[in-house]
Amino acid sequence: MGTAAAVLTLAGLAILVFRRRTVPAVFLATTVMDKLMFVFLGATLLFGTLATVVYQVFGSGFHYRETISPWMRELMIFRPRPELMLEVPLLFQLHVITALLLFALWPFTRLVHVFSAPVGYLFRPYIVYRSRDELRGARAPKRGWDPIEAPDPQRLRRP
Ligand code: HEM
């Protein structure tokens, strides 16, 4: 189940990166930090998936509960035991290193939204989105999606 979810996640990431590169408005809003974040996010996902497929699905199985799990638990309670990672297979080591680097980058990237509580949305006034005529978007509107013309202010006036 984890492997199936991982493959879907990688496919979703590929679709979103493709959209970010090919839609001009989205590409213009992409920073260097976003690109760096995608590298580490993609690498973490890829190494995690590869490690599971290579060692757990097709290999003889690796007992991460006796190595990676206690290593993580001890780290969380400020009693680091790096020796627990010494015998861990390379793909798992790469998975954990890229994940830790991703965690270090996290606060400086748009992933920071994960920790935001958008309570203000409940109380703030509505935002009215209006496009300026000459800058309606990067693409011509599709059939059936033509913008509605602004009403003539003269006709809106009461008699
Ligand atoms: C330091 C933090 C992390 C540790 C210690 C860790 C550890 C592990 C371990 C032990 C597995 C193998 C599980 C199994 O064989 O059943 C795994 C798989 C995986 N991890 Fe991580 N991981 C970490 C962070 C992350 C992050 C941040 C992501 C995603 C951005 C991620 C995505 C995955 C994926 C997609 C798999 C493969 C699917 C699966 O095995 O279920 N991991 N990870």
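All of the numbers you see were taken from the coordinates with simple rules; none came from a lab. This one's a predicted model, so the numbers in the text were calculated from it and none came from an experiment. Cβ atoms come from the backbone with ideal geometry, glycine included; neighbour counts cover every protein chain shown.
What to note about this one:
- For a label point 7 Å along the Cα-to-beta-carbon line of LYS35, residues of the range 75-112 with backbone N under 19 Å: 102, 105-106, 108-111
- Sparse-neighbour loop sites [GluC sites (Glu not before Pro); the range 1-99; at most 13 other C-beta within 10 Å; DSSP]: GLU87
- Mean Cβ neighbour count within 10 Å, used as a protection proxy, ranking 27-39, 45-57 highest first: 45-57, 27-39
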